[in-house]
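Novice: I'd like to ask some things about the structure below.
The values are calculated or read from the model by the stated rules, or taken from the named source; none is laboratory data. Because the structure is predicted, anything quoted here is derived from the model rather than measured. Heads up, the Cβs are rebuilt from the backbone with ideal geometry, glycines too, and the neighbour counts pull from every protein chain shown.
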Amino acid sequence: MSYYTMINFLAVSIFIILLIMVSSNGKFNKRARKGLKFAFLLGILGIAGEWVGYILQIELVNYKRMQSIVILTKIVKFCIIPLMPFFISNAIFEIEGTLGKWYKYIKNYLILYEIVIWLAFFMYKVNEYYSIVYIVYNISFVLVTMYMFSNAFYFCKYYKNKEEIEIELVTIIIFIVIFIFLQILNPQIEFIWIVTASSDMFIYIYYYELIQGIDGLTALLNRRSFNNYKSDLEDEKCTIIILDINDFKKINDLCGHVCGDKILIDVSRLMKEHYQKYGRVYRTGGDEFTVIMERKLDDVKEITEKFIKKVEEKVIIKNYIEQDYIMENIEKLLEELPEVLSISYGISRYDPASKEKHDLEQVIKEADKEMYYYKRKKKSK
């Protein structure tokens, strides 16, 4: 088995593994699975086509018609490889609403790139300008791959509130750039497909690991993320806020779970918008949320009171009641339900250097206890 065949066989194997992983992954929705499958199948077809061209180039290089087919297989590769990271990025990050601002520019660039490549083929100018086409193709691949990873950075920042650059992403980017640079210097070294397959597998695994820590309904960080992050707080001061929606069980019982889910989604969106610049937001229970901030108690109370006021202004319960419920039970519902949604909260400060506030679990319990105290106080009014 030649070096070329071995490398491409390995790349095909990676794409097949990715196809199997995507097909059996229940975490991805239908649209994401469809987009990822299309991208990976595109990779397999591209490798198969190039391999056919490689065989023809060796066996039938003297036939002019076959030379055109060989060039066609190279053009197909030039067209497919830059498209793959674009499709993968869209399949994953468009679903999550975290596509970066460069989407339109990259899309328009790729359209122009594809037109130029195919025009060069049909005008029989590929051989004449092959070195230029080859360099543009490699640059395009690097550009679109950087776009894919920039979306991964943005995704990480959006959900995890992480400003720092993750070392895993930086490492794989350096890996890709080095190999592409070597590819340009020596076109005889054909490892572009293995680089593509490896980077695609990395971004898939990276994304899959991230979504394990994201709540499926509200898109907030979930309890798993909260438990993992607690271990990072042992040596850092922080303020814990626990928030709970009042009368949420009653809302679910009287208005239905569809209504309750819509309220949860909107409250979570408001919470994310309000707290994102200050700290991390988690959904730690059915209608319970936890926020971790580095600010002091007085600042946190002021910030949280503003959030409570925002919810009371924007979340009017009757607007979420399904039409069927309105027609049958509107009078009863309006009597039993509060007009606006209210939230109870408790706050506690964690300080590892303090004798009283050095136990994180105890601090969380104190915030939880304070939250239930205010919840009971509101009910008694």
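Novice: Could you list, in sequence order, all residues of the stretch 1-50 that are under 27 Å from Ser68 (Cβ atoms) and aliphatic (A, V, I, L, M)?
Specialist: Ile7, Ala11, Val12, Leu41, Leu42, Ile44, Leu45, Ile47, Ala48
Novice: Which fully enclosed helices (runs of 4 or more DSSP H) of the stretch 176-278 have 2 or more residues being outside the structural domain of Ile316 (by TED's automatic domain parsing), of a type in the set (Ser, Thr, Tyr) and under 17 Å from the mean Cα position of the chain (by Cα)?
Specialist: The helices (runs of 4 or more DSSP H) meeting that bar are 192-211.
Novice: When you scan the stretch 73-81, do you find a residue that is at pLDDT 75 or above and under 30 Å from Leu210 (Cα atoms), even just one? Give the steps one after another, and end with the answer.
Specialist: Residues of the stretch 73-81 at pLDDT 75 or above: 73-81.
From the residues that got through so far, the ones that are under 30 Å from Leu210 (Cα atoms) too are 80-81.
There is at least one residue in the stretch 73-81 that is at pLDDT 75 or above and under 30 Å from Leu210 (Cα atoms).
Novice: From the residues in the stretch 4-56 that are of a type in the set (Ser, Thr, Tyr) and part of a helix (DSSP H, G or I), which one is nearest to Phe93 (Cα to Cα)?
Specialist: Checked the stretch 4-56; the qualifying residue nearest to Phe93 (Cα to Cα) is Ser23.
Novice: Which condition does Leu270 not pass, out of (1) modelled with pLDDT under 90; (2) under 24 Å from Tyr372 (Cβ atoms); (3) not hydroxyl-bearing (Ser, Thr, Tyr), if it passes all the others?
Specialist: Condition (1) is where Leu270 drops out.
Novice: Filter the stretch 4-47 down to residues that are in contact (Cβ under 8 Å) with a residue 60 or more places away in the chain and among the hydroxyl-bearing types (Ser, Thr, Tyr), then give me how many there are.
Specialist: Summing the residues that are in contact (Cβ under 8 Å) with a residue 60 or more places away in the chain and among the hydroxyl-bearing types (Ser, Thr, Tyr) in the stretch 4-47 gives 1.
Novice: Could you list, in sequence order, all residues of the stretch 305-332 that are assigned to a helix (DSSP H, G or I), modelled with pLDDT of 60 or more, of a type outside the set (D, E, K, R) and surrounded by 14 or more Cβ atoms within 10 Å (Cβ to Cβ)?
Specialist: Looking only at the stretch 305-332, we keep the residues that are assigned to a helix (DSSP H, G or I), and these are 305-314, 317-320, 323-332.
When the remaining residues are screened for being modelled with pLDDT of 60 or more, the result is 305-314, 317-320, 331-332.
Filter once more, so that each one left must be of a type outside the set (D, E, K, R): 307-308, 311, 317, 319-320.
If the condition is that a residue be assigned to a helix (DSSP H, G or I), modelled with pLDDT of 60 or more, of a type outside the set (D, E, K, R) and surrounded by 14 or more Cβ atoms within 10 Å (Cβ to Cβ), then Phe307, Ile308, Val311, Ile317, Tyr320 are the ones that fit.
Novice: In the stretch 33-58, which residues are among the aliphatic types (A, V, I, L, M) and more than 29 Å from Tyr207 (Cα to Cα)?
Specialist: Val52, Ile55, Leu56, Ile58, listed by residue number.
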